[in-house]
1. List, please: which pairs have Cβ atoms under 6 Å, are six or more places apart or on different chains, and start with a residue in region 175-197 that is among the charged types (D, E, K, R) and end with one that is surrounded by 13 or more Cβ atoms within 10 Å (Cβ to Cβ)?
2. Kindly check whether there is at least one residue in region 149-157 that is open to solvent by 20 Å² or more (accessible area, probe 1.4 Å), of a type in the set (A, V, I, L, M), farther than 21 Å from G54 by Cβ and in contact (Cβ under 8 Å) with a residue 24 or more places away in the chain.
3. Against the condition in a helix (DSSP H, G or I) and either in contact with a helix residue (DSSP H, G or I) (Cβ under 6 Å, 6 or more places away or on another chain) or at pLDDT 85 or above (or both), how does I9 come out, does it pass?
4. Scan A113, A122, A106 and give me the residue that is modelled with pLDDT under 85 and under 16 Å from the mean Cα position of the chain (by Cα).
5. Before we move on, is T168 modelled with pLDDT of 85 or more and open to solvent by less than 50 Å² (accessible area, probe 1.4 Å)?
6. So, F132, is that one open to solvent by less than 40 Å² (accessible area, probe 1.4 Å), part of a strand (DSSP E or B) and at pLDDT below 80 or not?
7. What's the number of the condition T142 fails, among (1) open to solvent by less than 70 Å² (accessible area, probe 1.4 Å); (2) touching a Ser or Thr at 6+ places or on another chain (Cβ under 8 Å); (3) at pLDDT below 90?
Amino acid sequence: MKRIFIIIITALVAIVALAQSPSAMLDKCIAATNAGGGVTANYSITSDQGTSNGTIAMQGNQFRIISPEAKCWYDGKTQWSWSPVTDEVNITSPTPDELQMTNPIAAANHFKANFNMKRAKAKTANTYVIKFTPKKKDNIKTLWLYFDEKTSLLRTARFEMNDKSVYTIRITNYKHKSLSAPTFTFDKSQVPTGTQVVDLR
């Protein structure tokens, strides 16, 4: 599920100044993500494996992802992850490298440092497109981000992988609001009754 996490969390960003360079835009994305205290949104991921829907909440370096395929909470120090494959919750204290796979801000900084970015031509009106290509060999061949110029919000992200698979993510229902601390800690009501909790710290 780590690949899916990357796709989801790097997508939830907003742009403030559309006339600036892609690098400056990413800085604005990070700032906009934290605007209003926090943000929640719905997402859908489409690939040759089908479609997955879920919700995400972010505030500062904290986040929560809820979907049938995976559930994850991170309070800035501790991470709780559930997968239907293992049917257990793993508790970890992720390293900075591991956070690049799950934390929105760390992931955005990873892309900024390790990918070349340039503005690409948009095929539709009121759309701003950024194309990312890796500076060195990576699982991702090309990443495309599509922004609504009217709202300055990311609406679609398209990941083209080196194995020729493609993931398309659509983001809807953005809501900026302050989120309480329990939002980002494990909620046992979100997993099946009796699920084993394994502390791997």
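1. Correct list of pairs: K175/T40.
2. no
3. Here the answer is yes, as I9 does meet what is asked.
4. Just one listed residue meets the conditions, A106.
5. Values: modelled with pLDDT of 85 or more: yes; open to solvent by less than 50 Å² (accessible area, probe 1.4 Å): yes.
Here the answer is yes, as T168 does meet what is asked.
6. It is false that F132 is open to solvent by less than 40 Å² (accessible area, probe 1.4 Å), part of a strand (DSSP E or B) and at pLDDT below 80.
7. (3)
The values are calculated or read from the model by the stated rules, or taken from the named source; none is laboratory data. Nothing here was measured: the structure is a model prediction, and the numbers come from that model. No Cβ is skipped: glycine too gets one built from the backbone with ideal geometry, and neighbour counts run over all protein chains shown. Please note that ligands, DNA and RNA were not included when accessible areas were found on the heavy atoms of the full protein model with its side chains. Shrake-Rupley method; radii C 1.70, N 1.55, O 1.52, S 1.80 Å.
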